[in-house]
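Peer 1: Below you'll find the structure I mean.
The values are calculated or read from the model by the stated rules, or taken from the named source; none is laboratory data. Since the structure is predicted, the reported quantities are computational estimates derived from the model, not experimental observations. Because the Cβ atoms are built from the backbone with ideal geometry, glycine has one as well, and the counts that use them run over all protein chains shown.
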Amino acid sequence: MAGRTRPVAAARLVDVLLVALAALDVWWQLDRDTPVEVVLSVAACAALAVRRRFPLPVFLLSLPAALFSSVVVAPLAALYTLAERSRDRRLLIVCAIASAAASAMPWPLSEYASDDRTWTFVNFVYLLATAAAPVFLGQLVQARRDAAARLVEIEEAREHERRLHAQNVLARERAQLAREMHDVVSHQVSLIAVRAGALQVGAPDPGTREAARTIRELSVTTLDELRHMVTLLRASGGRTTELTPQPTLADLRQLIDTSGIEVTLEGELPPGIGAPVQRAVYRTVQEALTNVRKHAPGATATVQLWHLGDELGVTVTNTPPTRPTLELPGSQQGLIGLGERAENLDGSFEAGPTEDGGYRAGLRLPATTD
C-alpha cells in the first residue's frame, strides 16, 4: 500500500510544481496581456493538473493561450504529456505544427503586415523545432516504459519456461527411476521369492523350510510395496510435478489456466482418441501459447478444437500484440518439432501470420490415428 502511495504523491507534487511554474509564466505576461488573454492563459495552466487523464483536450485548451499570449510552459507541458501518452504519430505531428503555428502567429491580426511574413515563417520554423523537443522526449519516455514492461514480461516468460523445464526434468527422472525399479529390483525380488518357495518345498529340515517361508513372504510383501512405489512414481506427484512426460487432453485446461495470457477454449474432440493424438494436440497448444507469451505481449489467444469427418485437430490463433515487441532470438525448433510430430501421425502442421497482424498455428490429424 505504501509502495503505491509514493508514486501517486510524487505525481501530484509534479503537477503542483508544473502548475505553479506555468502560473509564474503567465504572471510575467500580465503587463502585456489583456484580461481575456489572462483568462485563457490561467485556464490553460489550471488544466495541466488533469493533463494525464485528458492529454488531448488539455493540449487543445493551451492553443488559444499560445495564440493570444506569449506563454510557453503550458503549451509545451501539454504537448509533452500528449506525446508521452499517445501512440498516434500523425496526431503528434499535427499537434506540434499547431502549437508552433499558434505561437508564431502575430496577434492581433490587424497589426499583421505583409512585410512580417518572412519573420513569421522564420519564427514558425524555430518554434516548430522547439515543439519537436517535448514530442521526442515524450516518445522516449513512452518507449522506455514499454521496454521496461516488456523486459518484465520476458523475465516472467523465462521463469515460466524454467519451471516447465524443471518439471519435465523431475518427471523424466521419476519415470526413469520407476523403470529401473520395475525392470531390475522387482525382477530380482521375484527371483528371491521363487527360490525361497522352492527351498521351502524341497528342504528336509523344518527350520530351513520355516526360514525359506519367511523369506518368501517377505519377498512377496516387498514386491507388492515396490509395485505400489512404481505406480506412485509414474503418477503425478503434486503441484510441483503436475506436468508429466505423457500429457493428455485432460491436462489442457490446466495448461491454458497457467499460461499467463487470456485464452478462450472452443470446441471439443471426440472421446476415445489415442494417446499419441492427445499428446500432439497438447504439445501444439503448449508451444503456441509459449510463442504468444514471448512474441506477442498483451495479445489474447483462441484455442479451437475441431472434428470434421475423418479429420480432427486444433487451431491456436492470437491477436496482434498491444504493446511494442522486442526482437528475440529464436531457433524455430519448437515449430519444427510440431511439424515432425504431425508427420509421424500422418498429419500436417501449419503456422504463419494472419491478415490482421496476429499469428495462427494449426494441427490436422486423421481421426483414425491411434
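Peer 1: Might you check whether a residue that is at pLDDT below 85, of a type outside the set (A, V, I, L, M) and in a helix (DSSP H, G or I) occurs anywhere in the stretch 87-96? Outline the logic, then answer.
Peer 2: Initially, the stretch 87-96 is screened for residues at pLDDT below 85, giving none.
No, that holds for no residue.
Peer 1: Identify the residue in the stretch 229-256 that is at pLDDT 70 or above and not hydrophobic (A, V, I, L, M, F, W, C) and, among all such residues, is nearest to A166 (Cα to Cα). Please lay out each step first, then the result.
Peer 2: Start the filter on the stretch 229-256 by keeping residues that are at pLDDT 70 or above, which leaves 229-233, 247-256.
Still in the list and also not hydrophobic (A, V, I, L, M, F, W, C): 231, 247-248, 251, 253-254.
Working: T231: 21, P247: 16, T248: 19, D251: 18, R253: 21, Q254: 17 Å.
Among residues in the stretch 229-256 that are at pLDDT 70 or above and not hydrophobic (A, V, I, L, M, F, W, C), the one nearest to A166 (Cα to Cα) is P247.
Peer 1: Go through the stretch 280-311 and count every residue that is touching a residue at least 60 places away in the same chain (Cβ under 8 Å) and among the charged types (D, E, K, R).
Peer 2: Number of matching residues: 3.
Peer 1: Kindly check whether there is at least one residue in the stretch 274-283 that is polar (S, T, N, Q) and in contact with a strand residue (DSSP E or B) (Cβ under 7 Å, 6 or more places away or on another chain).
Peer 2: Checked the stretch 274-283: no residue is polar (S, T, N, Q) and in contact with a strand residue (DSSP E or B) (Cβ under 7 Å, 6 or more places away or on another chain).
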